[in-house]
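Asks: Got a structure for you, written out below as structure tokens; questions coming shortly.
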Amino acid sequence: MKIALLSDIHLDVNSSDDQGLGRDISLDVASFIQSLDVDRIVIAGDVAESAVNCLSYLEYIETNAKKPISFIPGNHDVWTEGTSSWDEYNMYRNHHTSLIDLPLQLTDKYVLVGNMGWYDYTFGLPEYKVEEFITHRPKNWDVKAKFHMSDPAFANILMDQLQSQLENCRQYRVLLVTHFVPYTEFLVRKPDSPEWNWSNSFMGSRRIGEIINLYPNIEYVVFGHTHMRFGMVNTQGRKVICKPLGYVHEWESPDLNEELKRVTTIISLDE
């Protein structure tokens, strides 16, 4: 079985006039995916703001690419103009593409496990306390993510769910998909940018990596969020993949198709 991996395609932003290509790129993405010799597409979050928009994009791509999609949301996907991001999250949970609390058996040997993850400030600068990350949260940072609890508390809920799933999949080889950064090796420190270094607090959680390390049957880990392309790296005895598409201004070229080729990873799993 062949699986294509993508993350952070941001179809809404990358289609916009001010920050994107000034046209709807969803058909281009669907055509690219249709051209791939794969059995399934896995997207590790950040397709579009809000569940209604995101799921509309996913259904359109799945229909036109004629390939099944498996998906876990990222932080942008749970943004809402309403009162609660739980409404967005539960829309994903109930959708046929969702991996939330629902591992998917791919072959006799492999299972696909998905968990959005979240940030809990454990990647933050050590000289600051948790309370300072909360009170000095960057302006406009995830203000549309409304789970009505602290970030560490929400992250703990999701990490408990992840560990429960992995416990139930010990007999399988696991392809794990999350949105947020699991290891410090994938953080970028910039000595001339205190604001950037502060933002690492919101990149992910050490606990994600700690949980992953408890399960030697996890062979692949896929994530995004950081918009830094690290490729496929052997870390902690497993293959870790981070190749987000990101925003147009972050691309190596203005050619969407070339960028999709650069960031798409295809893996082959034994039947």
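The values are calculated or read from the model by the stated rules, or taken from the named source; none is laboratory data. Note that the structure is predicted; figures quoted are calculated from it, not measured. Please note: Cβ atoms are built from the backbone with ideal geometry, for glycine as well, and neighbour counts cover all protein chains shown.
Asks: Does segment 226-238 contain any residue that is within 28 Å of V78 (Cβ to Cβ), of a type outside the set (S, T, N, Q), surrounded by 20 or more Cβ atoms within 10 Å (Cβ to Cβ) and free of Cβ contacts under 8 Å to residues at least 40 places away in the same chain?
Replies: Checked against the condition, which is being within 28 Å of V78 (Cβ to Cβ), of a type outside the set (S, T, N, Q), surrounded by 20 or more Cβ atoms within 10 Å (Cβ to Cβ) and free of Cβ contacts under 8 Å to residues at least 40 places away in the same chain, segment 226-238 yields no hits at all.
Asks: Determine, yes or no, whether D87 is assigned to a loop (DSSP other than H, G, I, E, B) and either under 17 Å from V263 (Cβ atoms) or not basic (K, R) (or both).
Replies: No.
Asks: Report the residue count in segment 212-225 for those that are surrounded by 21 or more Cβ atoms within 10 Å (Cβ to Cβ) and in a strand (DSSP E or B).
Replies: 4
Each row is one residue, and each column tells you yes or no for (1) surrounded by 15 or more Cβ atoms within 10 Å (Cβ to Cβ); (2) modelled with pLDDT of 95 or more; (3) in a loop (DSSP other than H, G, I, E, B).
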{"position": "R189", "(1), (2), (3)": "no, no, yes"}
{"position": "D192", "(1), (2), (3)": "no, no, yes"}
{"position": "N200", "(1), (2), (3)": "yes, no, no"}
{"position": "E210", "(1), (2), (3)": "no, yes, no"}
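Asks: Only one residue in L158, L125, L162, L187 is under 25 Å from E88 (Cα atoms) and in contact with a Phe, Trp or Tyr (Cβ under 9 Å, 6 or more places away or on another chain), so which one is that?
Replies: L158
Asks: Select from segment 30-79 the residues that are among the charged types (D, E, K, R) and touching a helix residue (DSSP H, G or I) at 6+ places or on another chain (Cβ under 9 Å) and write down the one among them that is surrounded by the most Cβ atoms within 10 Å (Cβ to Cβ).
Replies: D77
Asks: Within segment 102-120, can you find the residues that are in a strand (DSSP E or B) and buried (at least 16 other Cβ atoms within 10 Å of the Cβ)?
Replies: Within segment 102-120, L104, Y110, V111, L112, V113, G114, N115 meet the criteria.
Asks: From (1) without any contact (Cβ under 8 Å) to a residue 40 or more places away in the chain; (2) of a type in the set (G, A, S); (3) under 22 Å from N217 (Cβ atoms), pick out the condition that doesn't hold for S150.
Replies: With (1) without any contact (Cβ under 8 Å) to a residue 40 or more places away in the chain; (2) of a type in the set (G, A, S); (3) under 22 Å from N217 (Cβ atoms) applied to S150, the lone miss is (3).
Asks: Something else now. Taking L166 and the conditions (1) modelled with pLDDT under 85; (2) hydrophobic (A, V, I, L, M, F, W, C); (3) assigned to a helix (DSSP H, G or I), which numbered condition does it fall short on, given that it satisfies the others?
Replies: The failed condition is (1).
Asks: Of all residues in segment 239-251, how many are more than 14 Å from the chain's Cα centre (by Cα) and either without any contact (Cβ under 8 Å) to a residue 12 or more places away in the chain or crowded, with 16+ Cβ neighbours inside 10 Å (or both)?
Replies: 3
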